[in-house]
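Enquirer: First the structure, then my questions, so here it is.
Derivation of every value follows stated rules applied to the coordinates shown; laboratory data play no part. The shown structure was predicted, so the numbers you read here are calculated from the model rather than taken from an experiment. Heads up, the Cβs are rebuilt from the backbone with ideal geometry, glycines too, and the neighbour counts pull from every protein chain shown.
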Amino acid sequence: MSGILKSKSLRRRLLFIVALLPSIYLLSMGPVGAGAQKIGGRQAWLADVYAPVRWLHHNTPAKIPLEWYARLWGYKWVENEKKA
C-alpha cells in the first residue's frame, strides 16, 4: 500500500510542477525583459524566447494585463516592439 501512496504523491508533485511551469515562463517576461534593457545591446533573442507571450499580447484580451505587468518591472515592451 505504501508503494501506491508514493506513486500518487509523485504524480501529484509532477502534475503540480507541470502546471506551474507555464506560469513561471509567463511571469519571467517582466524581470527578464527589464534586465535585458538595463544591460542594453541587441535583444532579438528576447523576441524569440517570448514569441508565445507576444502572440498572446497581439491576439487575445491579455494585451492590457501583459503591458501592465511589463511596466511594473520597468520593461518598455511596447516601445521596443515599435522600434523593431
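Enquirer: Can you tell me, using C-alpha contacts under 8 Å and at least 6 residues apart, the relative contact order of segment 2-83 as a whole percent? Don't skip to the answer; put the middle values down first.
Expert: Details: 34 pairs, mean separation 27.4, N = 82.
Contact order relative to length: 33 percent.
Enquirer: How big is segment 1-69 on each of its three principal axes, counting only the C-alpha atoms and giving the largest first in Å?
Expert: That works out to 56, 29, 19 Å along the principal axes.
Enquirer: How do 76, 8, 63 rank when sorted from fewest to most other Cβ atoms within 10 Å of their own Cβ? Write out the running numbers ahead of the final one.
Expert: On the way: 76 16, 8 10, 63 13.
So the ranking, lowest neighbour count to highest, is 8, 63, 76.
Enquirer: Go through 16, 40, 58 and say which Cα lies farthest out towards the positive end of the charge dipole of segment 2-83; charges sit on Cβ, +1 for Lys and Arg, -1 for Asp and Glu.
Expert: Result: 16.
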